[in-house]
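The values are calculated or read from the model by the stated rules, or taken from the named source; none is laboratory data. Keep in mind the model is a prediction, meaning the values are calculated, not measured. Cβ: placed from backbone, ideal geometry, glycine included. Neighbour counts: every protein chain shown.
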Amino acid sequence: MNNNWKESTFRGHTREWDFAVDNLPKGRILYVIGCSWWANQNVARLLEKQYGEYFIINKSIDGLSNTNMINILKNDVKFLSSMPVKFLVNFTEVGRNKKEFTLVNPKDFTTSIDFLQAVLKVQYDEVKELVKNYESYITTSFVPNAFNSNKRLIDFCEPTKPKQGPLGYSYSVGTYEFFNDNSKIFKFDKFYEQKVLENSRQYLFKHKHINTTLHPKSVEPYSRFLEFICV
């Protein structure tokens, strides 16, 4: 009787069959937080398979705002204070929480780009202070990163056309409608802001690994990004 049947190659669907998680001792914690760009099965499978030496904590949530991202971090950093942790923080678009519109004075700005960039800088400074005693990598998932030189996940999604025109910090129609409805406070040019929104969304579409929902559609960008930041 052939006793090598365990080494046989079976035909058929092998998506989960070929996904093998090795038994590795856990030496430290990898804490990941972001929006829906980091809350999917591609991320879960990659982290568990390729980074098994880490105890993975992924607090990413669909639609998560930067405000709540920071609040979650505040709670969790206290709990993890005595543990060996590496933090991977991926800011999302600005404006998912209305509190973000009060972090800087909008009357000091003439475009949403400058205004939201200033808001994100305030949020970055807060997170940088929160994790100052830990190894960390702080960036954005897809909006511009003007607060440090760290690469973003979108930088590994392979653009199919060169970037053109202004890129905004919000990709949601509702944010720009809010600005227009409160034009006495947000003195932004409506037509210019429409151009910013459209150009920003088209910028995402012009990437090989971005699908019609404006999200990464494969595991490749995550793998390349994590390898680049030396997780």
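Overview of values
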{"quantity": "Identity of the residue in segment 167-186, over 20 Å from the mean Cα position of the chain (by Cα) and in a loop (DSSP other than H, G, I, E, B), that ends up farthest from Glu93 (Cα to Cα)", "calculated": "Lys184"}
{"quantity": "Met69, sole failed condition from (1) under 18 Å from the mean Cα position of the chain (by Cα); (2) surrounded by fewer than 18 Cβ atoms within 10 Å (Cβ to Cβ); (3) not hydroxyl-bearing (Ser, Thr, Tyr)", "calculated": "(2)"}
{"quantity": "Segment 197-217, residues that are buried (at least 18 other Cβ atoms within 10 Å of the Cβ) and of a type in the set (Ser, Thr, Tyr)", "calculated": "Ser200, Tyr203"}
{"quantity": "Qualifying positions in segment 91-122 - in contact with a Leu (Cβ under 7 Å, 6 or more places away or on another chain) and not β-branched (Val, Ile, Thr)", "calculated": "Phe91, Gly95"}
{"quantity": "Checking Tyr169 against (1) buried (at least 18 other Cβ atoms within 10 Å of the Cβ); (2) more than 21 Å from Thr67 (Cα to Cα); (3) of a type outside the set (A, V, I, L, M), the condition it does not meet", "calculated": "(2)"}
{"quantity": "Count of segment 2-36 residues which are part of a loop (DSSP other than H, G, I, E, B), of a type in the set (Ser, Thr, Tyr) and either at pLDDT 90 or above or touching a Lys or Arg at 6+ places or on another chain (Cβ under 6 Å) (or both)", "calculated": "0"}
{"quantity": "Qualifying residues in segment 88-122 (those that are over 26 Å from Ala39 (Cα atoms) and polar (S, T, N, Q)) - the one surrounded by the most Cβ atoms within 10 Å (Cβ to Cβ)", "calculated": "Ser112"}
{"quantity": "Within segment 175-231, tally of residues that are β-branched (Val, Ile, Thr) and within 30 Å of Phe87 (Cβ to Cβ)", "calculated": "6"}
{"quantity": "Evaluation of Ala39 against (1) out of contact with any Ser or Thr (no Cβ under 7 Å at 6 or more places or on another chain); (2) modelled with pLDDT of 95 or more (one fails), failing number", "calculated": "(1)"}
{"quantity": "Residue ranges of helices (runs of 4 or more DSSP H) in segment 39-153 with at least 2 members of a type in the set (S, T, N, Q), under 30 Å from Asp189 (Cβ atoms) and touching a residue at least 24 places away in the same chain (Cβ under 8 Å)", "calculated": "66-79, 112-130"}
{"quantity": "Filter result (modelled with pLDDT under 95 and of a type outside the set (A, V, I, L, M)) within segment 70-83", "calculated": "Lys78, Phe79, Ser81, Ser82"}
{"quantity": "All positions within segment 182-211 that are in contact with a helix residue (DSSP H, G or I) (Cβ under 8 Å, 6 or more places away or on another chain) and under 24 Å from Gln164 (Cβ atoms)", "calculated": "Phe188, Lys190, Glu193, Gln194, Val196, Leu197, Leu204, His207, His209, Ile210"}
